[in-house]
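S.K.: Below is the structure I would like to discuss, written out as structure tokens.
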Amino acid sequence: MKKPLLVGLAIAAQLAHPACARHEPAPGQQSPVAPPPGADGPSPAQSAAVATTAFGQRVEERERMVRTTMEARDIRNQRVLEAMRRVPRHGFVPKRVRHEAYADHPLPIGGGQTISQPYIVAFMTQAARPGPEDRCLEIGTGSGYQAAVLAELCGSVYSIEYLPEVARVGRENLRRLGYAPERVQLRVGDGYRGWPEASPFQVILVTAAPERVPPPLLQQLDVGGRLVAPVGPQSRYQELELWTRRRPGSKRDAFEVERMMTVRFVPFLGDEAEPSAPDR
């Protein structure tokens with residue numbers, strides 16, 4: 001058996017208590033998305049100043065991360081490598097673990113969730129092959145790091161987070177670093193349903209582990225589009241799968257499936273809760 005890549009922390013606690021850190025809206029109630037008026041984060045000028053500082057910091061660490069954990073292995077896509085060099089991962093992790101931002105392992109971000117190890121972010125992104133004009137959907141915003149990497153590579157990014165408190169952190173990180181709604185649209189809701197009104201997507205990345213790929217996500221995948229997701233039960237390791245739509249239709253034979261590696265992700269939360277309105 002291949003050695004699994006450990007891409008999540010605090011998993012044992014979530015396995016023992018699968019509802020922990022899960023704040024579900026009351027029946028019929030949607031999760032809030034937009035902040036109160038006037039609380040929409042820093043101004044464009046402030047974001048630009050913060051982003052300029054953050055993107056210019058710890059450049060050598062990012063270069064070393066790319067050389068030793070990506071180029072030295074099997075990451076060959078130059079656009080992906082440049083995005084990993086550019087995005088300041090230290091801007092997407094809590095201060096208490098910021099000194100470990102460029103180590104090749106996951107880090108806790110709160111709410112029982114994690115930011116994946118840099119290698120797995122690069123591997124999933126490379127497998128999805130995002131193009132400059134592609135419309136990309138991410139399920140599991142988390143701290144916002146994967147969405148930022150996609151924003152460097154795609155035409156537009158749509159990202160959904162189930163946990164409101166985690167969504168707030170991801171949104172604050174992205175907006176502070178200059179990833180405005182024109183580049184990354186955000187939503188709090190159940191990723192199972194995807195973002196149908198923005199479909200079809202050429203790329204879909206799922207950053208938490210469902211037992212099966214949600215059918216609505218496959219329905220929203222464009223012909224020729226690629227979906228990457230860790231699939232399998234939380235009682236054991238999952239398989240990172242690449243689904244490519246070869247023709248229209250919902251039957252299994254409309255897709256080509258490749259199982260790429262054994263991994264361990266935090267659980268896919270939600271079970272068809274109604275998504276809220278997008279964050280503009």
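The values are calculated or read from the model by the stated rules, or taken from the named source; none is laboratory data. None of the values given here were measured: they were computed from a predicted structure. With ideal geometry, Cβ positions are generated from the backbone for all residues, glycine too; neighbour counts draw on all protein chains shown.
S.K.: Scanning region 245-256 for residues that are in contact (Cβ under 8 Å) with a residue 12 or more places away in the chain and either closer than 22 Å to Tyr119 by Cα or of a type in the set (D, E, K, R) (or both), which turns out surrounded by the most Cβ atoms within 10 Å (Cβ to Cβ)?
M.R.: Applying the filter and picking the extreme gives Arg245.
S.K.: Considering only residues that are of a type in the set (Ser, Thr, Tyr) and over 17 Å from Arg259 (Cβ atoms), which ones fall in region 220-246?
M.R.: Ser235
S.K.: Please work out if Pro216 is modelled with pLDDT under 95 and touching a Lys or Arg at 6+ places or on another chain (Cβ under 6 Å).
M.R.: Taking the combined requirement at face value, the residue does not satisfy it.
S.K.: Let me ask something additional. Filter region 58-112 down to the residues that are touching a strand residue (DSSP E or B) at 6+ places or on another chain (Cβ under 8 Å) and outside any helix (DSSP H, G or I), then identify the one that is surrounded by the fewest Cβ atoms within 10 Å (Cβ to Cβ).
M.R.: Pro94
S.K.: With the condition being in contact (Cβ under 8 Å) with a residue 12 or more places away in the chain and more than 24 Å from Ala83 (Cα to Cα), I'd like the helices (runs of 4 or more DSSP H) fully within region 144-238 carrying at least 3 qualifying residues.
M.R.: Passing ranges, in order: 215-219.
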